[in-house]
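Only one structure is covered here, and it is reproduced in the block below.
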Amino acid sequence: MPKLQCPNCDTIHDLSPIPDAGWFTVRDADRERFLEIEAAISENGVSNEMLNLHEVLTGLLYECDACGTLLWQKPGQEEFRPYVPSRSES
């Protein structure tokens, strides 16, 4: 069961439901290439090359329900970077 722990408040988020509560991110500059890959996967199925390109172009974003911290996994990276809201936003 994949889980993600918020480094700000230690809340553990269950990532096993599909779809989960997170966001899928693609840089605006990579949007066209991403859509081309999505179309190729739809037409031809998933190849390792297509899957690798897909992973390099996409990231993940989660918001902690408990404290509002954003946890962002940038495209091509494995670690999540936390972004804690300022006190006035929480």
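Coordinate-derived values only; no laboratory data. Bear in mind the structure is a predicted one, so any value in this text is a computation, not a measurement. Positions of Cβ are backbone-derived with ideal geometry, glycine not excepted, and every protein chain shown enters the neighbour counts.
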Fill in the blank from the handout: Gyration tensor on Cα atoms of the stretch 7-47, a ≥ b ≥ c root eigenvalues, a/c under 1.5 rounded, else prolate if a/b beats b/c, else oblate, says oblate
Practice task
Work the Kirkwood hydrodynamic radius out for the chain: mean of 1/r over every pair of different alpha-carbon atoms, inverted, in Å.
Solution key: 14.6 Å
Exercise for the section: Identify, among P85, I37, L61, the residue whose Cα sits farthest towards the positive end of the charge dipole of the chain, taking +1 on the Cβ of Lys and Arg and -1 on the Cβ of Asp and Glu, with the dipole about the Cα centre. Expected result: P85
Handout entry: Fluctuation leader among T58, T69, T11 - the chain, Gaussian network, Cα springs under 10 angstrom
Key = T11
Problem - For the chain, built as a Gaussian network whose Cα springs stay under 10 Å, the top-fluctuating residue of L71, L60, L15 - result: L15
Problem - Using θ = phi - 60° and Karplus 6.51 cos²θ - 1.76 cosθ + 1.60, couplings along the stretch 48-60 (whole Hz; Gly, Pro as x) - result: 4, 4, 5, 5, 5, 4, 4, 5, 6, 8, 10, x, 10
Handout entry: Degrees separating the helix 31-44 axis from the principal Cα axis of the chain, which is the longest one
Key = 60 degrees
